[in-house]
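To start, the structure itself, in structure tokens.
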Amino acid sequence: MTERQALILGAIIEQYAEVAVPVGSVTLAKLFNVSSATIRAEMAKLEELGMIAQPHTSAGRTPTDKGYRFYVNQLTAAHEPHTTQFNRSTRAIEARVTPHADRADRAIRSAVDSLVELTHNLGIATIGDQLYMSGIGNLFSQPEFLRSAHAQQVARLLDNLEPWLREAAPNEPLNVYIGRENPIGTASDVTLIISRFRSPYSDKSYIGVLGPTRQSYARVMQLVRHAGAMLEEVL
């Protein structure tokens with residue numbers, strides 16, 4: 001993949017996260033200051049690589065799981081810099097969590113609730129042997145899950161998430177499972193972003209979010225990583 005193709009893929013992912021409709025060549029041509037024909041040619045190459053797909057004839061393109069994975073790997077390698085908005089968000093999490101430093105369960109719940117508000121995803125965390133979830137309405141209000149088949153897949157994933165976390169015990173500080181990479185609910189079109197942290201309950205406690213594959217990965221990954229690190233420090 002060329003550098004320009006990688007930039008176009010990133011633009012498609014970021015635009016799609018905002019508008020939830022396939023991204024067309026005209027929009028990208030304006031962004032990159034090139035002709036629509038040039039963008040269409042690059043899109044065709046990205047489609048050949050399996051990074052994007054065209055859901056309907058004459059429609060724009062949407063990212064595939066493979067495209068998201070490439071993008072997320074690039075983000076992980078680049079260590080996205082913190083922004084002013086991100087710093088405000090982390091201060092908001094800290095303000096809610098720090099007063100509960102002496103109560104691990106309340107601190108973890110507060111961190112999850114903050115992630116729900118900031119990411120508009122479903123928030124999750126392990127508290128001892130239980131899985132705490134908040135913001136389920138956020139998840140099912142997304143346009144991807146208006147179809148009953150997708151909603152059923154998401155429900156199946158949620159039903160099996162706690163035992164899977166216990167069994168698999170993901171070992172990276174930040175773990176990202178995109179779409180069909182999820183071990184359960186593989187057709188649910190969701191991404192699970194979780195951070196491992198040490199707590200009074202376990203050396204492998206988890207906090208994170210579950211949302212559509214269409215989301216702002218850079219920001220959400222930063223927030224989840226920070227929430228896990230902050231809880232480990234506070235607790």
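The values are calculated or read from the model by the stated rules, or taken from the named source; none is laboratory data. Small disclaimer: the values here were computed from a predicted structure and weren't measured. With ideal geometry, Cβ positions are generated from the backbone for all residues, glycine too; neighbour counts draw on all protein chains shown.
Listed by position, the helices (runs of 4 or more DSSP H) inside the range 1-88 whose residues that are outside the structural domain of L115 (by TED's automatic domain parsing), acidic (D, E) and surrounded by 15 or more Cβ atoms within 10 Å (Cβ to Cβ) number at least 1 are 3-19, 36-48, 65-78.
Pairs are defined by a Cβ separation below 8 Å, a sequence spacing of at least 6 or placement on different chains, a first member in the range 18-44 that is touching a residue at least 60 places away in the same chain (Cβ under 8 Å) and among the aromatic types (F, W, Y), and a second member that is assigned to a helix (DSSP H, G or I) and surrounded by fewer than 15 Cβ atoms within 10 Å (Cβ to Cβ); no pair meets this definition. Taken together, the residues in the range 23-35 that are within 19 Å of P55 (Cβ to Cβ) and touching a helix residue (DSSP H, G or I) at 6+ places or on another chain (Cβ under 7 Å) amount to 5. Does S188 count as within 18 Å of T64 (Cα to Cα), modelled with pLDDT under 95 and surrounded by fewer than 17 Cβ atoms within 10 Å (Cβ to Cβ)? No: the conditions fail for S188. Among the residues in the range 48-69, are any over 21 Å from T191 (Cβ atoms) and of a type in the set (A, V, I, L, M)? Within the range 48-69, one or more residues are over 21 Å from T191 (Cβ atoms) and of a type in the set (A, V, I, L, M). Checking each residue in the range 121-148 for being touching a Pro at 6+ places or on another chain (Cβ under 9 Å) and among the charged types (D, E, K, R) picks out only E144.
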